[in-house]
Amino acid sequence: MDGVVQLQKQLVDYIASLFHEGFLDEQFNQLQQLQDESNPDFVVEVVSLFFEDSERLLNELAKALEQKTIDFRKVDAHVHQFKGSSSSIGAHRVQKVCIAFRNYCEEQNVEGCLKCLQQVKHEYSLVRNKLETLFQLEKQIIAAGGSLPAT
Amino acid sequence: MELHRDFADTQQKQKQHFHVLAVDDSLIERKLLERLLAESSCKVTCVDSGDKALEYLSLLDSQEIEYSADLSSSPPSAQEEAGYMKVNLIMTDYSMPGMSGYDLLKRVKMQGSSWKDIPVVVMSSENVPSRISMCMEEGAEEFLLKPLQLSDLKKLQPHLLKSLVHPTEDISTSNDHGSDDNKIHDITTLNDSDNVLVSERKVMSPEPLERRPKINGLLVV
């Protein structure tokens with residue numbers, strides 16, 4: 001059972017670091033609180049939806065910003081969606097970039113938008129990796145017969 | 001002690017039959033909202049646009065006409081088993097492509113609308129005071145900021161009660177619905193491909209509160 005205790009401590013520390021470094025915020029706690037015996041995979045489900053949705057949005061954004069004449073309202077609409085979904089799962093750093101991104105859209109600043117696209121891609125892939133690591137840890141704990149630490 | 005009996009009866013009704021129509025174009029938001037509402041023992045129908053919301057409300061209206069012929073003297077539980085359950089609350093996102101939440105609100109609250117008395121709650125990720133007052137002026141019950149949390153659902157308790165009780169009665173006590181032992185999860189979802197087809201799972205018929213098991217519905221979002 002020592003192995004499980006180690007893993008559980010690792011998980012708790014890992015989650016704490018993600019909050020500390022600003023990758024996740026309070027909203028992620030809310031998600032965890034909504035997970036229970038009747039909804040045991042709630043967090044993974046919502047986050048998976050977020051991953052799918054984000055990939056789609058990043059593609060749309062890249063396409064929209066490649067156009068000869070950029071439709072900034074379209075770009076803004078996509079960023080608005082991205083901001084909403086990242087905020088809903090507590091992906092704090094992604095959300096922050098989206099806010100800056102929307103400002104550039106409003107100013108119709110192409111360079112600013114392109115910069116933000118790179119930034120948001122970067123932040124998204126970072127938080128994606130972190131969350132996947134988190135879920136892996138949880139899987140290991142469950143596989144070893146342990147239970148997830150209470151949030 | 002008539003009031004006490006009515007209140008207990010209402011609590012029973014609420015735990016069994018509270019039907020929320022959730023309108024949001026984001027899949028993630030719909031999933032979150034559905035889970036939050038299920039946590040408060042509500043039956044939830046999710047749609048992804050204002051147009052779909054209106055279609056669904058119209059569908060229920062036509063079902064009501066159909067069912068009331070057969071079930072006019074039946075209790076709500078019988079109507080529900082027949083698949084019909086009127087909407088007690090609409091929760092809509094403000095910013096949606098096409099018909100906005102504000103447009104939907106206006107349409108529901110329109111003079112002569114058969115849905116005028118259904119409370120509407122508007123949600124938005126943006127805190128814009130003019131937007132908020134616009135919605136409240138148009139008859140919104142409440143304006144909630146996203147992302148929604150469990151504590152926001154508590155704000156809705158008075159509205160949940162209000163629409164189940166006779167309009168002239170005034171119940172201002174708030175309920176604690178934290179108990180786990182009588183959750184009913186019943187989800188109906190309209191997808192783009194479904195038009196107005198509704199896939200429903202029947203809610204189990206009500207049992208006395210103390211002996212009701214946890215009923216897990218399938219989540220289709």
Point to revise | Matching residues in region A:46-99 - criterion: being β-branched (Val, Ile, Thr), closer than 18 Å to A:Gln119 by Cβ, surrounded by fewer than 18 Cβ atoms within 10 Å (Cβ to Cβ) and away from chain B (no Cβ under 12 Å) | key: A:Ile70
Check your understanding: Take the residues of region B:98-132 that are polar (S, T, N, Q) and surrounded by fewer than 12 Cβ atoms within 10 Å (Cβ to Cβ): which is nearest to B:Arg30 (Cα to Cα)?
Key -> B:Asn127
Review point. Would you say A:Ile15 is more than 13 Å from the chain's Cα centre (by Cα) and modelled with pLDDT of 95 or more?
Key: yes
Review point. In region A:17-45, what residues are outside any strand (DSSP E or B), over 17 Å from B:Lys31 (Cα atoms) and more than 11 Å from chain B (Cβ to nearest Cβ)?
Key: A:Ser17, A:Leu18, A:Phe19, A:His20, A:Glu21, A:Gly22, A:Phe23
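Okay, residues lined up against (1) over 22 Å from A:Lys74 (Cβ atoms); (2) in a helix (DSSP H, G or I); (3) touching a strand residue (DSSP E or B) at 6+ places or on another chain (Cβ under 8 Å):
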residue	(1), (2), (3)
A:Cys105	no, yes, no
A:Leu114	no, yes, no
A:Asn129	yes, yes, no
A:Thr133	yes, yes, no
A:Glu138	yes, yes, no
A:Gly145	yes, no, no
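The values are calculated or read from the model by the stated rules, or taken from the named source; none is laboratory data. What you are looking at is a predicted structure, and each value in this text was computed from that prediction instead of being measured. Backbone-built Cβ (ideal geometry, glycine too); neighbour counts: all protein chains shown.
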